[in-house]
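Student: Before I ask anything, here is the structure I am working with.
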Amino acid sequence: MKTSEKKWVTEAGYEAEVIAQEMGHRCGYVTVPKDHPHYGKGYDDVDVDVHGGLTYANEGTFGFDCAHWNDARDKSIMSDEYKKIYSMWPSLHDVESTIKTLEFCIAECESLAKQLKEMAC
């Protein structure tokens, strides 16, 4: 089950959203208008600096995820099913990693929106 943790308009004027995924990680998305030069492009076609790189593109929405090797799962947003699975695999806890918080993802969305806005000028 995916849960929207925050939806807002960024300082750059683009809509953004942070989604909590049932596996215990977050994803961030920024949507550009149809007249943006990158509208409709794939995530590999847009050169931005965002956590883990872009991993999603659909029409004018670009996104990143926080489910990389050094990203810890946040049990507070994890579904009961995944909490059970996670507890069965202690090796998942061995990696030195950090939880990417809602605040972290908001900041990454703001940065992504700013970069996308600069590309439109």
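Student: Would you mind stating whether Met78 is buried (at least 17 other Cβ atoms within 10 Å of the Cβ), touching a residue at least 24 places away in the same chain (Cβ under 8 Å) and assigned to a loop (DSSP other than H, G, I, E, B)?
Tutor: Criteria met by Met78.
Student: Is it the case that segment 92-111 has a residue that's assigned to a strand (DSSP E or B) and either loosely packed, with under 14 Cβ neighbours inside 10 Å or at pLDDT 95 or above (or both)?
Tutor: yes
Student: Counting only residues that are acidic (Asp, Glu) and closer than 17 Å to Lys114 by Cβ, which one in segment 1-31 is farthest from the chain's Cα centre (by Cα)?
Tutor: Glu11
Student: Could you please find all residues in segment 18-41 being surrounded by fewer than 19 Cβ atoms within 10 Å (Cβ to Cβ) and either out of contact with any helix residue (DSSP H, G or I) (no Cβ under 8 Å at 6 or more places or on another chain) or over 21 Å from Thr101 (Cβ atoms) (or both)?
Tutor: Pro33, Lys34, Asp35, His36, Pro37, His38, Tyr39, Gly40, Lys41
Student: Let me confirm something: among Asp80, Asp74, Asp65, which residue is modelled with pLDDT of 95 or more and of a type in the set (Asp, Glu)?
Tutor: Selected residue: Asp65, the only one of Asp80, Asp74, Asp65 that is modelled with pLDDT of 95 or more and of a type in the set (Asp, Glu).
Student: From (1) touching a residue at least 24 places away in the same chain (Cβ under 8 Å); (2) at negative phi, pick out the condition that doesn't hold for Gly13.
Tutor: (2)
Student: Kindly indicate whether any position in segment 49-65 is in contact with a Leu (Cβ under 7 Å, 6 or more places away or on another chain) and either acidic (Asp, Glu) or without any contact (Cβ under 8 Å) to a residue 24 or more places away in the chain (or both).
Tutor: Within segment 49-65, none of the residues are in contact with a Leu (Cβ under 7 Å, 6 or more places away or on another chain) and either acidic (Asp, Glu) or without any contact (Cβ under 8 Å) to a residue 24 or more places away in the chain (or both).
Student: Hey, does segment 42-54 have a residue that's crowded, with 17+ Cβ neighbours inside 10 Å, closer than 14 Å to Thr10 by Cβ, in contact with a Lys or Arg (Cβ under 9 Å, 6 or more places away or on another chain) and not hydrophobic (A, V, I, L, M, F, W, C)?
Tutor: Looking for residues that are crowded, with 17+ Cβ neighbours inside 10 Å, closer than 14 Å to Thr10 by Cβ, in contact with a Lys or Arg (Cβ under 9 Å, 6 or more places away or on another chain) and not hydrophobic (A, V, I, L, M, F, W, C), one finds none in segment 42-54, hence no.
The values are calculated or read from the model by the stated rules, or taken from the named source; none is laboratory data. None of these values were measured; they are calculated from a predicted model. Note: ideal-geometry Cβ built from the backbone for every residue, glycine included; neighbour counts use all protein chains shown.
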